[in-house]
1. Can residue 43 be described as out of contact with any strand residue (DSSP E or B) (no Cβ under 8 Å at 6 or more places or on another chain) and assigned to a helix (DSSP H, G or I)?
2. If you check 79, 55, which single one turns out to be at pLDDT below 75 and either touching a strand residue (DSSP E or B) at 6+ places or on another chain (Cβ under 8 Å) or exposed (fewer than 10 other Cβ atoms within 10 Å of the Cβ) (or both)?
3. Confirm whether residue 49 is at pLDDT 80 or above and assigned to a loop (DSSP other than H, G, I, E, B).
């Protein structure tokens, strides 16, 4: 709902010149921004990478072995278990 109000406020207020719609645009846009800030994102994985370290992100189960202790290391990117 806030998204549609923000878009309507932008279209009718800023682009259309209507002051009430401009106020609605600012209020609805501010609320959307506050929602995004308050929502927060959960950090699933965090690790410092050294120069030359390779990190592979994939959703293909056949592409990478599913070993919990497997770690990619070195500039060669070889899998070390």
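The values are calculated or read from the model by the stated rules, or taken from the named source; none is laboratory data. All of these numbers come straight from a predicted model, not from anything done at the bench. Note that we place each Cβ from the backbone using ideal geometry, even for glycine, and neighbour counts take in every protein chain shown.
1. no
2. On the way: 55 fails: at pLDDT below 75.
Of 79, 55, the one residue that is at pLDDT below 75 and either touching a strand residue (DSSP E or B) at 6+ places or on another chain (Cβ under 8 Å) or exposed (fewer than 10 other Cβ atoms within 10 Å of the Cβ) (or both) is 79.
3. Details: at pLDDT 80 or above: yes; assigned to a loop (DSSP other than H, G, I, E, B): yes.
The answer is yes for residue 49.
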